[in-house]
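Student: Pasting a structure below so you can have a look.
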Amino acid sequence: MKKAILLSLLFAVLPTNICAQTVKEKRAESYREAKEVMPPDLYLVFRVADRIITTNDIKRPIRVAVRNNVDCEGILGIASNSQKCQSIGLLPKIDKASNFDIWAAQVVGTMKGQANAAAYSDFGTIFLNTAMLKELTGKVDQVACVVAHELAHVTQNHSAKEREKAKELDKKTALKVSESVRSAKNSQNSYIAAMAIMGGINAGLGNSTYSTDSALNNLRVSAMLTRPRIAKAALDLQPAIGQAFNEMQGLAENFANKAIERIQYNLRDYSLELAGFNRAQEYEADLLGTKYVATAGFNPKGCIKLWTETMNHSEDKLIEKLLPEGIEDPGKGSSSESGLSLEEIRKAAMNATMSNSRLDEDKEKDKEPDYKKVPDDVLEALKSHPDNLSRAAAIKKYLTTLNSRSLAARGKSKLNTVFVRNWSYDEDSESTVISDSFTSPGKAGSKENGITGIDVDASLGF
């Protein structure tokens with residue numbers, strides 16, 4: 001009787017195991033083909049991204065790539081933050097014979113480059129640079145954390161949200177710039193009035209008005225000479241800020257310089273608040289990316305060390321440089337003990353908008369504003385967007401709320417099919433697009449039906 005029961009259990013389990021093995025072998029066909037055509041580093045990123053995308057049911061095409069660091073300033077002589085440098089940074093590895101300068105910039109950039117990864121959410125593109133991959137040698141879970149973090153930027157459409165925030169801050173800062181210009185114009189008008197009164201007194205007393213006439217004439221000439229400088233500077237600013245800056249037309253040089261001094265502080269506040277908003281997006285990508293990692297079956301604990309050591313986000317350094325001496329970053333330690341939840345950080349990002357922090361003009365009418373001081377609303381926005389160590393603490397807490405086993409089991413169920421995400425390797429750009437549609441393993445990566453992979457004859461029935 002016992003033998004009969006054991007045999008029946010064996011035959012009951014055997015078909016499932018065979019089925020699971022068959023599914024695995026079928027899916028492996030697609031990846032064998034990918035491994036043959038893709039460079040090894042790209043294949044690594046592709047496989048990890050494909051697993052995360054599939055298990056988390058991300059419903060949009062994603063392009064993945066590996067890129068070299070580029071030494072734009074040292075070798076090419078162009079600014080590292082210029083559009084041209086950013087475009088060169090998107091190029092695949094360039095052969096020495098094709099373009100020696102770019103090849104040299106890539107080699108030097110790789111030698112001294114900083115580990116980095118980036119996402120272009122508008123285009124659904126993510127990439128890791130070679131310096132990052134060197135930092136992640138032998139750490140597949142941390143590779144998954146980086147890829148998932150960048151995918152979270154894409155799924156949350158962070159590029160578009162950053163543009164909307166920049167527009168809000170543009171309007172808000174333009175009000176402050178206009179106030180700074182208005183203050184300088186009032187000073188100039190007071191000076192002109194004083195000169196006119198003095199000239200009138202001198203004329204009434206029969207004295208010469210040469211000095212006052214000369215002063216007013218010099219003021220007009222100075223204003224004319226300052227116009228081109230103001231117009232040129234306005235073109236480099238955000239639209240509304242530039243328009244407000246251009247209101248300085250008519251100011252003589254010394255009064256324009258006083259206005260510009262105040263405007264520099266207005267622009268500092270703009271940069272601080274935008275950097276804080278970007279840091280909030282990084283924080284959101286950390287937490288959501290950690291969930292993606294757990295669902296894909298990787299160890300999410302690897303993300304904690306990654307965000308404190310490998311991924312040292314630049315927003316923290318930028319904020320530290322922009323804050324006046326003696327003012328500590330409000331984001332430091334703001335969530336070091338408990339950590340903000342994913343919903344809390346999203347709510348904080350939504351609340352830190354123009355409607356909450358618009359300049360209160362009524363309060364400013366009766367007193368001269370202390371324009372050198374960082375406004376309270378900017379400090380509050382930074383406080384709600386924690387720094388790296390605080391984010392690591394938040395990830396640690398967030399993991400206690402996740403049932404990693406349950407997520408991994410749910411993600412694994414997404415792989416229980418012989419169909420795979422279609423993919424297309426582009427040799428020219430050395431990048432791979434992971435489709436949002438599924439296909440049989442034998443057809444994945446096929447170039448027979450072009451970029452879309454659509455067999456139009458079969459689709460149309462002839």
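Student: Among residues other than Lys301 whose Cβ falls under 10 Å from its Cβ, what is the net charge (Lys/Arg +1, Asp/Glu -1)?
Tutor: Result for the neighbourhood of Lys301: +1.
Student: Count the net charge of all other residues whose Cβ sits under 13 Å from the Cβ of Lys93, scoring Lys and Arg as +1 and Asp and Glu as -1.
Tutor: Net of charged neighbours comes to -3.
Student: Would you mind working out the accessible area per residue for region 42-197, using a 1.4 Å probe, and quoting it in Å²?
Tutor: Details: 7060 Å² over 156 residues.
On a per-residue basis, region 42-197 sits at 45 Å².
Student: Please report the relative contact order for region 72-230, taking Cα pairs under 8 Å with a sequence separation of at least 6, and give it as a percent rounded to a whole number.
Tutor: Contact order relative to length: 12 percent.
Student: Still on this structure: Within 10 Å, count the other beta carbons around each residue, average over each peptide in 444-456, 37-49, 106-118, and list them highest first.
Tutor: Output ranking for 444-456, 37-49, 106-118: 37-49, 106-118, 444-456.
Student: Let me ask you something else. First select every other residue whose beta carbon is under 10 angstrom from the beta carbon of Leu399; then total the charges, Lys and Arg +1, Asp and Glu -1.
Tutor: So the environment of Leu399 carries a net charge of +4.
Student: To continue, here is another question. How big is the C-alpha Rg of region 381-462 next to the rule-of-thumb value 2.2 N^0.38 Å, as a ratio? Can you show the working numbers first?
Tutor: On the way: Rg = 20.7 Å, N = 82, 2.2 N^0.38 = 11.7 Å.
Rounded to two decimals, the normalised Rg is 1.76.
Student: How large a share of the accessible area of region 34-144, in percent, is made up of carbon and sulfur atoms when the probe is 1.4 Å and the other protein chains stay in place?
Tutor: Reported share for carbon and sulfur atoms: 52 percent.
Student: Identify all aspartates and glutamates with a Cα-Cα distance to Lys24 below 16 Å; exclude those on the same chain that are fewer than 8 residues away in sequence.
Tutor: Glu33, Asp50
Student: Please go through the residue pairs Lys112/Lys305; Lys59/Lys161; Lys291/Lys372 and name each one whose alpha carbons sit more than 30 Å apart in this structure. Intermediate results must be reported in sequence, preceding the final value.
Tutor: Numbers: Lys112/Lys305 23 Å; Lys59/Lys161 19 Å; Lys291/Lys372 42 Å.
Over 30 Å apart, Cα to Cα: Lys291/Lys372.
Student: At a 1.4 Å probe radius, carbon and sulfur cover how many percent of the accessible area of region 368-462?
Tutor: Details: 3020 of 5710 Å².
Summing carbon and sulfur atoms, their accessible area is 53 percent of the total for region 368-462.
The values are calculated or read from the model by the stated rules, or taken from the named source; none is laboratory data. Predicted model only: the values in this text are computed from it and were never measured. Reconstructed Cβ throughout: ideal geometry from the backbone, glycine too, with neighbour counts over all protein chains shown. These area figures cover heavy atoms from the full protein model, side chains too; ligands, DNA and RNA do not enter into them. Shrake-Rupley method; radii C 1.70, N 1.55, O 1.52, S 1.80 Å.
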